[in-house]
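The values are calculated or read from the model by the stated rules, or taken from the named source; none is laboratory data. Note that this is a predicted model, so its numbers are computed, not measured. Virtual Cβ from ideal backbone geometry, glycine too; neighbours counted across all protein chains shown.
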Amino acid sequence: MRILAVSDEECEALWDYYQPGRLDDYDLILSCGDLKASYLAFLVTMGNKPLLYVPGNHDKGYLTQPPDGCVDIDCGLVTFNGYRILGLGGCLRYNPGPYQYTEEQMNRRLNKLRFALWRAGGVDIVITHAPPKGVGDREDPAHRGFETFLELIDKYSPMYLLHGHVHARYDIQNPRERRYRTTQVINVSERYVLEVPDREVAPKDRNQVKWLCRHKEPPDDEEVRQRMFNRF
Ligand SMILES: [Fe+2]
């Protein structure tokens, strides 16, 4: 299975200069956040493949205008072609605004998924916006990673954790792939192609996104809450 992961910066080759057929080789698209909803909607339309996403700290717009045709797996667990995929968006809180969490809040979000993780027997691919603490994060308050993600890796040993938030151009010396224990931690930064072995699935389940668990929280932003309330 070939996966296209995207985050943080819209890829010109896949948008402004898109050529038909460029998304044909992928089975699935994953977004790690901080991307325009219109870009994700474009990718899902042109690629005609499922697009699973988590929000980044700059995705306040998703609350009122989510990306059309895409699947929000924030604080959720799904399966796709035999792979269990978990999503935890947002970053460590550094100012007021939605999709920012304290370490304790992120820990509580992970706790909501623990029963589903136990039932599923673990997770294969984790998509987050922020990196784990000390594994590809930065020192400044806005780009520090979550300790909770280290605990997640310690406990469930996913094959991959894909994250965004730390743009590759911030530091060209910074490697995009790291290993923490047995997990490959990948900074997606614009785009990253991930190839994983095909797994046996029933024909009826092939290329289907199946939900195992989902938690939806009200947005922690008063202005957005008001706008959503006024829509109804
Ligand atoms: Fe970010």
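Pairs linking a residue in segment 42-67 that is within 16 Å of the ligand (Cβ to nearest atom) to a residue that is among the β-branched types (V, I, T) and modelled with pLDDT of 95 or more, with Cβ atoms under 6 Å and 6 or more positions apart or on different chains, are V54/I127. Among the candidates L77, L51, the residue that is under 16 Å from R191 (Cα atoms) and modelled with pLDDT of 95 or more is uniquely L51. Step by step: first the residues of segment 1-20, then only those that are in contact (Cβ under 8 Å) with a residue 24 or more places away in the chain and hydroxyl-bearing (S, T, Y), then the one that is farthest from the ligand (Cβ to nearest atom). Which residue is that? The selected residue is Y18.
Scanning segment 99-121 for residues that are touching a Ser or Thr at 6+ places or on another chain (Cβ under 7 Å) and surrounded by fewer than 18 Cβ atoms within 10 Å (Cβ to Cβ) yields E103, N107. Any idea which residue in segment 118-130 is farthest from the chain's Cα centre (by Cα), counting only those that are in contact (Cβ under 8 Å) with a residue 12 or more places away in the chain and not in a loop (DSSP other than H, G, I, E, B)? This residue is R119. Inside segment 21-41, residues that are within 16 Å of the ligand (Cβ to nearest atom), in contact with a strand residue (DSSP E or B) (Cβ under 6 Å, 6 or more places away or on another chain) and of a type in the set (F, W, Y) make up a count of 0. Within segment 64-78, the set of residues being among the acidic types (D, E) and either crowded, with 22+ Cβ neighbours inside 10 Å or closer than 16 Å to V126 by Cβ (or both) comprises D72, D74.
Taken over segment 19-54, the residue count meeting the criterion of being more than 18 Å from the chain's Cα centre (by Cα) and closer than 14 Å to V71 by Cα is 2.
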